[in-house]
Amino acid sequence: MAGITLRNLVKAYGRVRVVHGIDLDIGNHEFVVLVGPSGCGKSTTLRMIAGLEEITSGEIRIGGRLVNDLPPRKRNIAMVFQNYALYPHMTVRDNLGFGLKIAGQPKEVVAARVQEAADILGLAQLLDRTPAELSGGQRQRVAMGRAIVRHPDAFLFDEPLSNLDAKLRGQMRAEIKKLHQKVNNTVVYVTHDQVEAMTLADRIVIMRDGHIEQTGTPMEVFNRPANIFVAGFIGSPPMNQLPCSAEAGGLRLADGTVLPVPARLAGKVRPGAALILGVRPDDISPEGSGLLATGEGAMVRLTVDIAEPLGMESLLYSRLAGQEVQSKVFGPRLVSPGEVLDCRIALDRAHLFDAATGRSLEAA
Amino acid sequence: MTRDLRRQLKAAALWLTAFLLMVVMCVPGLWVVLSAFRPNREILAKPPVWLPEQLTLDNFAKIFGFGADQVAIPVAAYFWNSMVIALTSTVIALAIGTAGGYAFARFRFRFKNAVFLGLMLFRAVPGIALSLPVFILWSRLGLIDAQLGLIIVYVALNVPFTAWLIDGFFRQIPEQLSEAAQVDGCTRWQAFWRIEFPLARSGIAAAGVFAFLTSWNEFALASQLTRSTDSKTLPVGLMDFTAQFTIDWAGMCAMAVIIIVPALILTFLVQKHLISGLTFGGVKG
Ligand SMILES: Nc1ncnc2c1ncn2[C@@H]1O[C@H](COP(=O)(O)OP(=O)(O)OP(=O)(O)O)[C@@H](O)[C@H]1O
Ligand SMILES: [Mg+2]
């Protein structure tokens, strides 16, 4: 087991830079998830760690050892690919044992380790099948098995669940989590799905356009997003963003509504500043039908456009100050389109961002 | 009921069409095979004798130099030349074609498309158009009437097609397989031999059959570049049966059978491998 360190890591294809100097310290046993929109450089970063992609400049260390110029086979890592990349002409048993055999391990050791991995992942019945004879979820498990038999220093996952249907994805997500708790190794996991990131990660790294936007535990990035991008990316449905301007009396929205400044940010708001007020959908709801205690927060008036009942709760798409906002109503209360609702906003959980830079005022 | 009948009729019509097509394609070959086993007299009979009245191995005995009237044709030498030339040129063409196909499928390099296009255009040149320049070159180099001369020509003829075909097979193999193998501890070279090569084997076999048959059957260039038993191949040897005023059809057909049989055996041997190898599984995405 070993930690991984990235120092000012850069990747350029010809003249086009796609990763712009990333710094990251991944601790021993830590489960780190790289998350971000398509094309932000997650896979490229992961492949540089694996040694499948040359690095343009910077440093990669695995377990303290500089691996910049080492080929993949000398890095003692394992990787699970999006398309599983199982060897189609080998049985599951041979797929699992391939790496050990290449390393010249004796037959008995290979057999024992394959058996161990098969038991952990419930593959014992499938050992003599070929990949073509497996379901998507089973292939996924074989790919993970192939990673664990070699007892590598670190696991690298590149969107391992994106080929599975929604139900299976949830199941496999839980299995990956269990697996990590069992073998407890260092994991770098790439996904563009923020739910996967939130549920699996010890620490989330949010990337955009080859930069790291924020690094933190799931709760940190959820509760204290460093900027508008992170605020919009983490959390589902996404955080509402309301442009406003700071005044002596509070925050003036586009339609003239004035809301008080959240108490914990009062010291940081300069009068006249153009700001964006960020409020999560859970923090806007009609009195008595949400997470808010009576009398908490400020009142606003919403006009409902669409209501989506989800069972335990309903998701509302409404207009506030000329802007679409999403909000939640808990319990059996039915809402119909066109209804005008008086709602409470939990301002002490709201966020303020500088409209020009997108940065959270909290950080400043 | 009527619908059933109609479907049966349709199937029958389909069978009949297929059968007729096959007949048209197979009759000449069948005629050659039949003629190989009967006397010249019967072959030339008018009206034609469709079903042979007697089958005989005399024609084969004759061309191998046994029997009453001897036709001294060095079949064994021709056969040996054909085998050596076809096999050697196939092995070399496969080695170059596999390396080239892999490079086209996996690597980026300058002028890749231009080189590839050039190779394909080379295929468009009819081989016979090259016969004169090749003849002049070879006569300067002393490669006329030498096995090596034909081997070089056939390698050049076969490499573009084998490279193209094998390139297609390597393209079908996801690059991640080789990457997974490298992460699993292989060098790139090991990953190729253990993973990519076995998966492309059926394609390489197909290319091999094609290259072998091309070399085995080629006549035009071989007839220009060979003279004697040192290098004459079987198709060129067929011409030995034509004299100024007569053609020994029986002997020629017997020799044609000798040419066809190894090709048939090879195709038959590889056929199962081709089909089973073409069905791909195990990778999703
Ligand atoms: N071989 C290449 N040549 C040029 N540009 C490339 C190459 N490979 C990737 N890129 C570019 O690098 C950027 C990052 O790609 P990368 O695959 O890392 O994205 P990603 O974050 O994994 O996205 P996704 O979620 O879609 O997988 C993209 O803009 C892509 O176009
Ligand atoms: Mg990717």
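The values are calculated or read from the model by the stated rules, or taken from the named source; none is laboratory data. Just so it is clear, the model here is predicted, and its values are computed rather than measured. Cβ placement follows ideal geometry from the backbone for every residue including glycine, while neighbour counts extend to all protein chains displayed. When the accessible area is computed, the model is the full protein with side chains, heavy atoms only, and any ligands, DNA or RNA have been set aside. Shrake-Rupley method; radii C 1.70, N 1.55, O 1.52, S 1.80 Å.
Write down the accessible area per residue of the protein assembly as shown in Å², having rolled a 1.4 Å probe over the full set of protein chains.
I get 49 Å² per residue for this part.
Within segment B:173-271, report the trypsin sites (Lys or Arg not before Pro) that DSSP leaves as loop and that have at most 15 other Cβ atoms within 10 Å.
Passing sites in segment B:173-271 are B:ARG227.
Run lengths n ≥ 4 of DSSP H only: what is the helix-derived mean residue ellipticity at 222 nm for chain B, with -39500 (n - 2.57) per run over all residues, to the nearest 500?
Dividing the helical sum by the residues of chain B leaves -23000 deg cm²/dmol.
Quick one: which of A:LYS42/A:LYS74; A:LYS42/A:LYS177; A:LYS11/A:LYS101; B:LYS62/B:LYS232 span more than 24 angstrom between C-alpha atoms?
From the list (A:LYS42/A:LYS74; A:LYS42/A:LYS177; A:LYS11/A:LYS101; B:LYS62/B:LYS232), the Cα-Cα distance tops 24 Å for A:LYS11/A:LYS101.
Could you name the aspartates and glutamates whose alpha carbon sits less than 19 Å from that of A:LYS268, not counting residues in the same chain fewer than 8 places away?
A:GLU247, A:ASP348, A:ASP354, A:GLU362
At q = 0.05, 0.07 Å⁻¹, what log₁₀ I(q)/I(0) does the protein assembly as shown have when each alpha carbon counts as one equal point scatterer in the Debye sum?
These q points yield log10 I(q)/I(0) values of -0.44, -0.71.
So how do A:ASP153, B:ASP58 rank on accessible area, 1.4 Å probe, biggest first, that is with the largest at the start?
If we order A:ASP153, B:ASP58 from most to least accessible, we get B:ASP58, A:ASP153.
Hey, any idea what % of segment A:4-232's accessible area is carbon plus sulfur with a 1.4 Å probe?
46 percent
Can you list the residues in segment A:83-131 whose accessible area drops by at least 30 Å² when all protein chains are present, compared with the chain alone? Use a 1.4 Å probe, heavy atoms only.
A:ASN83, A:ALA85, A:TYR87, A:PRO88, A:HIS89, A:PHE98, A:ILE102
With label points built 7 Å along Cα→Cβ from the Cα atoms of B:ALA124 and A:THR91, find their separation and express it in nm.
5.1 nm
Counting each DSSP H run of 4 or more residues in chain A as -39500 (n - 2.57), what helix-only mean residue ellipticity at 222 nm follows after dividing by all residues, to the nearest 500 deg cm²/dmol?
-7000 deg cm²/dmol
In segment A:267-364, carbon and sulfur make up what percent of the accessible area (probe 1.4 Å)?
Values: 2520 of 4690 Å².
Carbon with sulfur: 54 percent of the solvent-accessible area.
Could you give the angle, 0 to 90 degrees to the nearest 10, between helix A:92-102's Cα long axis and the longest principal axis of the Cα atoms of chain A?
Taking the Cα atoms of chain A, the angle to A:92-102 is about 70 degrees.
Would you work out what percent of the accessible area of chain B, with all protein chains in place, is carbon or sulfur (probe 1.4 Å)?
70 percent
Among A:GLY36, A:GLY297, A:GLY256, determine the one that fluctuates most according to a GNM of chain A built with springs between C-alpha atoms less than 10 Å apart.
A:GLY256
Could you please put A:SER245, B:SER202 in sequence from largest to smallest accessible area, using a 1.4 Å probe?
A:SER245, B:SER202
Compute the Cα gyration tensor for chain B, then decide on rounded, prolate or oblate, letting a ≥ b ≥ c be the square roots of its eigenvalues: rounded whenever a/c is under 1.5, prolate when a/b is larger than b/c in the other cases, and oblate in all that remain.
oblate
Using the charge dipole of the protein assembly as shown (Lys, Arg: +1 at Cβ; Asp, Glu: -1 at Cβ; taken about the Cα centre), state which of B:GLN172, B:SER131, B:TRP31 has its Cα farthest towards the positive end.
Positive-end residue among those listed: B:SER131.
If R₀ is 56 angstrom, what is the calculated FRET efficiency for the pair B:THR2 and A:ALA124, using the beta carbon separation as r and rounding to 0.05?
Between B:THR2 and A:ALA124 the formula returns 0.50.
Under 5 Å between amide hydrogens, which residues at least 5 positions from A:ARG129 or on another chain qualify, with H placed 1.01 Å from N in the peptide plane?
Under 5 Å from the amide H of A:ARG129: A:VAL92, A:ARG93.
Label B:MET22 and A:GLU133 with points 7 Å out from Cα along Cα→Cβ: what is the distance between them in nm?
With each label point 7 Å from Cα toward Cβ, the separation is 3.3 nm.
Considering the alpha-carbon set of segment B:3-57 alone, what are its Rg and its Dmax in angstrom?
Taking only Cα atoms of segment B:3-57, I get Rg and Dmax of 17.3, 54 Å.
For segment B:6-155, what is the relative contact order in percent, using Cα pairs closer than 8 Å and at least 6 residues apart in sequence?
Relative contact order for segment B:6-155 comes out at 17 percent.
Could you pull out the trypsin sites (Lys or Arg not before Pro) across segment B:33-111 that fall in loop regions by DSSP (anything but H, G, I, E, B) with no more than 12 other Cβ atoms inside 10 Å?
Hits after loop and neighbour filter: B:ARG108, B:ARG110.
Output the relative contact order of segment B:195-280, whole-number percent, from Cα pairs under 8 angstrom with separation of 6+ residues.
44 percent.
Taking the C-alpha atoms of segment A:74-184, how large are the radius of gyration and the largest Cα-Cα span, Dmax, in Å?
For segment A:74-184, the Cα-based Rg and Dmax read 13.1, 41 Å.
Mind grabbing the interface size between A and B? I mean buried accessible area, both sides, 1.4 Å probe, in Å² to the nearest hundred.
Heavy-atom accessible area buried at this interface is about 2200 Å².
Compare each residue of segment B:165-186 in its chain alone against the assembly with all protein chains, and report those whose accessible area goes down by 30 Å² or more; 1.4 Å probe, heavy atoms.
B:GLN176, B:LEU177, B:GLU179, B:ALA180, B:GLN182, B:VAL183, B:ASP184, B:GLY185, B:CYS186
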